[in-house]
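**Student:** Supplied in structure tokens, the structure appears directly below.
Rule-based calculations on the coordinates, nothing more; no lab input. As the structure is a computational prediction, the values presented were derived from the model and not from experiment. Every residue, glycine among them, receives a Cβ derived from its backbone with ideal geometry; neighbour counts consider all protein chains shown.
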Amino acid sequence: MAEPLLRVSNLKKYYSLKTGKLLGGKTTVKAVDGISFDLEAGQTLGIVGESGCGKSTMGKTIIRLIEPTSGIIMLDGEDFTALSGQDLKRARRKMKLIFQDPFASLNPRMTVKDIIGENIDIDHTYATKAERDDRIREVMEQSGLNLDYMDRYPHEFSGGQRQRIGIARAIVLPPKLVICDEPVSALDVSIQAKIINLLKKLQKDMGLSYIFISHDLSVVKHISDRVGVMYLGHMMELADKRSLYSNPLNPYTQALISAIPKLPGETTQDKIELAGDIPSPANPPTGCCFHTRCPYAKPICAEVRPELKQVGDDHWCACHRV
């Protein structure tokens, strides 16, 4: 059996913060706490969860914009966490990031042509300026951008057009994996669908793999092959899309899916209301991190952290009830 394109094993990202008497004390924030998963070539893995659960931190840690505290990231059969210098730069060409905010992620002083061509310039990919500009035109057309936009600046565009520029920048040197960090959350609903359809078309045409991070389970259902559910830095459930949405096993996943708006005529289930607030990652609960809000919590849940174990064909769950 072939190795997956990406294998993440026990990935952790901890932050040390000063607290207490005139900031003399210290505490540890466990933003990502032992995440593991595989991603096959050509697949899309959706990552969902409430704000503050560690989704974006995980994505940035995988690409090493943020250095992991511990864990192993295997990219295309190579230990990505062990690389440095030119080796890291070489391997990073296989992995790109699309940012959440299309207004903040583009340099306002650069033209569209130079924003998209920046990766080409850094890697000295093309020998002549004509070759460079031809590639920029090609990727602009792939991303649905008018070629008349080449010499314009980001402030002249709408949010959807800016996100297309960000997508073009990510694929101008064709990667194998693109991490999409909430790429449509800042856009109008009508524009979201167009961006999602563009990402799916690019995946089909270029053979891309995606990690698609979002808090919107409806969007994730539309684009993903597999879905992972995160809570307080932990992976609570991981399964193929059909299994997760039709048969969620973790109480947290059940609560999230019950909150998805339904169209008239669709089968509905009672919305599961979760009690209390999300605990602070600086002071997480003992045992299962979800037990303080779980309607089915038992004494063992407060004492023993459940392992993410396989409970079905490509279905994994961290819960003592399963």
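**Student:** Just to compare against my own numbers: the Cα pair-distance distribution for segment 201-319, 5 Å bins, whole % per bin, please.
**Tutor:** In whole percents, the pair-distance histogram is 2, 10, 18, 21, 19, 14, 8, 4, 2, 1, 0.
**Student:** When the chain is fully extended, how far beyond the present Cα-Cα distance does TYR15 get from MET110, taking 0.36 nm per residue of separation?
**Tutor:** Here the segment from TYR15 to MET110 would lengthen by 30.8 nm.
**Student:** When the chain is fully extended, how far beyond the present Cα-Cα distance does LEU65 get from LYS204, taking 0.36 nm per residue of separation?
**Tutor:** Details: separation 139, 0.36 × 139 = 50.04 nm, distance 2.71 nm.
Separation in residues times 0.36 nm, less the Cα-Cα distance, equals 47.3 nm.
**Student:** Further question on the same structure: Fully extended, how many nm does the chain gain between LYS262 and VAL189 (0.36 nm per residue separation, minus their Cα-Cα distance)? Can you show the working numbers first?
**Tutor:** Working: separation 73, 0.36 × 73 = 26.28 nm, distance 1.58 nm.
In short, 24.7 nm is gained.
**Student:** About its Cα centre, what dipole magnitude does segment 200-322 give when the only charges are +1 on Lys and Arg Cβ and -1 on Asp and Glu Cβ, stated in debye to the nearest 20? Each step should come with its number before you reach the end.
**Tutor:** On the way: 14 positive and 13 negative charges, 33 e Å.
The dipole of segment 200-322 has a size of about 160 debye.
**Student:** What is the Cα convex hull volume of segment 1-97 when expressed per residue in Å³?
**Tutor:** Values: hull volume 11.7 nm³, N = 97.
Considering the Cα atoms of segment 1-97, their hull volume per residue is 121 Å³.
**Student:** Right, something else. Be a star and scan segment 101-118 for residues whose amide nitrogen sits under 19 Å from the point 7 Å along the Cα-to-Cβ vector of TYR153.
**Tutor:** Zone members listed by number: 102-118.
**Student:** Further question on the same structure: Angle check, please: helix 112-123 long axis (alpha carbons) against the longest principal axis of the chain (alpha carbons), in degrees 0 to 90, nearest 10.
**Tutor:** Relative to the chain, helix 112-123 is tipped by roughly 80 degrees.
**Student:** I would also like to ask the following. I need the P(r) histogram for the chain: all alpha carbon pairs, bin width 20 Å from 0 out to the longest distance, whole percents.
**Tutor:** Spelled out per bin, shortest first, that is 30, 55, 15, 0.
**Student:** Pairing the Cα long axis of helix 189-206 with the longest principal axis of the chain, what angle in degrees results, from 0 to 90 and rounded to the nearest 10?
**Tutor:** For helix 189-206, the angle is close to 70 degrees.
**Student:** Also, I was wondering about something else. Taking the simple approach of a point 7 Å from Cα along Cα-to-Cβ for both SER280 and ARG93, what is their distance in nm?
**Tutor:** 4.6
**Student:** Here's a follow-up. Okay, helix-only estimate at 222 nm for the chain: each DSSP H run of n ≥ 4 adds -39500 (n - 2.57), divide by all residues, round to 500 deg cm²/dmol; what do you get?
**Tutor:** On the way: 9 runs with 94 residues, N = 322.
Calculated mean residue ellipticity at 222 nm is -8500 deg cm²/dmol.
**Student:** Taking +1 at the Cβ of each Lys and Arg and -1 at the Cβ of each Asp and Glu, which of HIS320, THR286, ILE257 sits farthest along the dipole of segment 199-322 towards its positive end, judged by Cα position relative to the Cα centre?
**Tutor:** It is ILE257, whose Cα lies furthest towards the positive end.
**Student:** Between helix 159-171 and the chain, what is the angle of the helix's C-alpha long axis to the longest principal axis, kept within 0 to 90° and rounded to the nearest 10?
**Tutor:** On a 0 to 90 degree scale, this one is about 80.
**Student:** Separation between the ASN146 and ASP313 pseudo-spin-labels, each 7 Å from Cα along Cα→Cβ, expressed in nm?
**Tutor:** 5.0
**Student:** I've got another one for you. Charges at C-beta only: +1 for Lys and Arg, -1 for Asp and Glu. How large is the resulting dipole of the chain about its Cα centre, in Debye rounded to 20?
**Tutor:** Details: 42 positive and 39 negative charges, 125 e Å.
The dipole magnitude comes to about 600 debye.
**Student:** What FRET efficiency would be calculated for the residue pair ARG137, ARG321, taking the C-beta separation as r and a Förster radius of 41 Å, to the nearest 0.05? Walk me through the intermediate numbers first.
**Tutor:** Details: r = 56 Å, r/R0 = 1.36.
The calculated FRET efficiency here is 0.15.
**Student:** A follow-up question, please. Efficiency by 1/(1 + (r/R0)^6): what FRET value for THR125 and PHE103, r their Cβ-Cβ distance, R0 = 30 Å, to the nearest 0.05? It would help to have the intermediate numbers written out before the result.
**Tutor:** On the way: r = 28 Å, r/R0 = 0.93.
Result of the calculation: an efficiency of 0.60.
**Student:** Shifting gears a bit: Simple spin-label model, 7 Å along Cα-to-Cβ: GLU3 to ASP76 in nm?
**Tutor:** The answer from the label model is 1.2 nm.
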